[in-house]
1. For the range 351-369, does any single residue satisfy the condition of being within 21 Å of Arg74 (Cα to Cα) and open to solvent by less than 60 Å² (accessible area, probe 1.4 Å)?
2. Pull up the range 229-255, narrow it to residues that are touching an Asp or Glu at 6+ places or on another chain (Cβ under 9 Å) and at pLDDT 95 or above, then point me to the one that is surrounded by the most Cβ atoms within 10 Å (Cβ to Cβ).
3. Hey, among the residues in the range 99-125 that are in contact with a strand residue (DSSP E or B) (Cβ under 8 Å, 6 or more places away or on another chain) and under 28 Å from Gly148 (Cβ atoms), which one's most open to solvent (accessible area, probe 1.4 Å)?
4. Kindly indicate whether Val173 is open to solvent by 20 Å² or more (accessible area, probe 1.4 Å), of a type in the set (Val, Ile, Thr) and touching a helix residue (DSSP H, G or I) at 6+ places or on another chain (Cβ under 6 Å).
5. Which numbered condition in (1) open to solvent by less than 50 Å² (accessible area, probe 1.4 Å); (2) among the hydrophobic types (A, V, I, L, M, F, W, C); (3) more than 25 Å from Thr295 (Cβ to Cβ); (4) part of a helix (DSSP H, G or I) is the only one that Leu196 fails?
6. Go through (1) in contact (Cβ under 8 Å) with a residue 60 or more places away in the chain; (2) outside any loop (DSSP other than H, G, I, E, B); (3) basic (Lys, Arg) for Arg338 and report which single condition fails.
7. Restrict the check to the range 143-154 and report whether at least one residue is more than 15 Å from Cys42 (Cα to Cα), surrounded by fewer than 17 Cβ atoms within 10 Å (Cβ to Cβ) and under 19 Å from the mean Cα position of the chain (by Cα).
Amino acid sequence: MTKQNAAHRVGDISPTPPKIPRAPLSVFISITSRCNLSCRHCAVYGESLTYGPDLTTPQWLSFIDHIAHLKVFRVKISGGEPFVREDIFTILDHLSQKPIRFSINTNAVLIDKEAARRLQTYEERLSDIMVSLDGGSEEIHDALRGPGTYKDTIRGLGRLVERIDRISAYCTVTRLNFRHLGEVARLADELRIGGLKFNDLITLGRGHDNRGELDLSTDERNEAAACINELKQTYPFVSGTFCEADEIFDQIRSSCAEATHDDPLNINYLSGCGALRTECAVRPDGYATPCDRLTELVAGNILDTALDTIWTQSPVFKEFRRRFITPITSLPTCADCRYAPYCTAGCAAAAYAVSGTTLARDPSCCLRLREEEASRGGR
């Protein structure tokens with residue numbers, strides 16, 4: 001969900017789709033489905049998620065050549081865990097020679113001194129490295145990521161911070177750690193990490209399989225949000241999706257309060273993120289998807305079809321882009337909502353996980369639902 005507001009006046013009867021570039025400007029690449037850990041909240045692995053074989057080294061190198069030709073501006077490298085690939089530095093060396101900025105998501109467990117040194121050589125192109133940090137202590141972090149992972153993560157993080165300036169961390173907020181977020185922020189400060197994001201649980205893969213033990217109740221969520229907002233006052237580097245909904249809810253309330261009966265109402269469309277506006281994702285087996293959270297919506301494989309052709313011609317992508325011309329008030333859940341003129345309907349992936357369609361609202365980003373839950377006592 002973003003703060004972007006794609007508004008049209010009531011008089012508009014033929015919405016104009018946003019202008020889509022001839023190729024994506026940003027590509028999220030899951031470089032491998034393999035990982036050295038078995039995290040309880042992993043969105044890549046799970047009973048319902050399966051992939052074909054990872055692309056080979058020559059296939060990834062060829063794809064990097066292709067997206068450089070398309071003038072893709074930014075690449076996000078993730079997994080699985082990127083550093084389980086024996087060829088990861090061959091791939092990164094090739095990418096770093098292109099006019100493309102890139103970032104890397106890693107659990108840092110496999111980062112030794114030599115890996116940190118090699119990564120330092122990419123700083124001209126390397127935007128940042130994001131490291132998973134789900135607890136400020138061994139007990140909490142290991143409860144989510146497995147025995148011994150905390151010590152290995154801190155060791156890898158330390159090696160990265162010694163060499164590279166742009167190191168950030170992200171923490172998935174769950175029932176196992178939501179009362180220990182202050183410890184994570186203090187640790188990030190001690191390690192001189194540049195940013196810390198507290199993010200929502202993604203209910204895909206094991207995150208879906210284990211949601212019963214991981215998902216927060218409304219009361220627990222409110223407690224965590226209050227804690228994060230307080231932490232922001234002491235640690236200005238704290239941000240993340242977990243509190244983004246509350247910030248947008250405040251904006252919506254403010255807009256409603258400022259509106260008068262004489263103001264023409266806006267018609268808003270499903271416009272919650274940049275997926276298939278400027279960015280898309282590629283799975284480890286080469287299938288393109290709208291984003292890294294919608295791994296089931298495969299549009300075509302880059303081994304068979306050029307990415308720019310998939311981007312512009314795929315029926316799956318065209319169907320997803322119906323969001324951009326679908327009025328929020330056309331949804332049965334939102335037809336009579338007073339907040340609809342100021343809403344974006346949230347995350348398409350979250351909507352799909354709940355409703356089986358991207359042409360739906362994201363329940364976790366619905367102000368009316370939040371207020372109804374509060375009126376019932378929060379649980």
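The values are calculated or read from the model by the stated rules, or taken from the named source; none is laboratory data. Since the structure is predicted, the reported quantities are computational estimates derived from the model, not experimental observations. Glycine also receives a Cβ, built like all others from the backbone with ideal geometry; neighbour counts cover every protein chain displayed. Ligands, DNA and RNA are stripped out before the accessible areas are found, and what is left, the full protein with its side chains, is counted by its heavy atoms. Shrake-Rupley method; radii C 1.70, N 1.55, O 1.52, S 1.80 Å.
1. No: the range 351-369 contains no residue that is within 21 Å of Arg74 (Cα to Cα) and open to solvent by less than 60 Å² (accessible area, probe 1.4 Å).
2. Tyr235
3. Asn105
4. no
5. Only one criterion in (1) open to solvent by less than 50 Å² (accessible area, probe 1.4 Å); (2) among the hydrophobic types (A, V, I, L, M, F, W, C); (3) more than 25 Å from Thr295 (Cβ to Cβ); (4) part of a helix (DSSP H, G or I) is unmet by Leu196, namely (4).
6. Of (1) in contact (Cβ under 8 Å) with a residue 60 or more places away in the chain; (2) outside any loop (DSSP other than H, G, I, E, B); (3) basic (Lys, Arg), only one is false for Arg338: (2).
7. No, the range 143-154 has no match at all.
Per-residue answers, yes or no, for (1) touching a Ser or Thr at 6+ places or on another chain (Cβ under 8 Å); (2) more than 30 Å from Phe324 (Cα to Cα); (3) surrounded by fewer than 20 Cβ atoms within 10 Å (Cβ to Cβ); (4) of a type outside the set (Lys, Arg):
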{"site": "Thr16", "(1), (2), (3), (4)": "no, no, yes, yes"}
{"site": "Val27", "(1), (2), (3), (4)": "no, no, no, yes"}
{"site": "Ser30", "(1), (2), (3), (4)": "yes, no, no, yes"}
{"site": "Thr56", "(1), (2), (3), (4)": "no, yes, yes, yes"}
{"site": "Leu61", "(1), (2), (3), (4)": "yes, yes, yes, yes"}
{"site": "Ile67", "(1), (2), (3), (4)": "no, no, no, yes"}
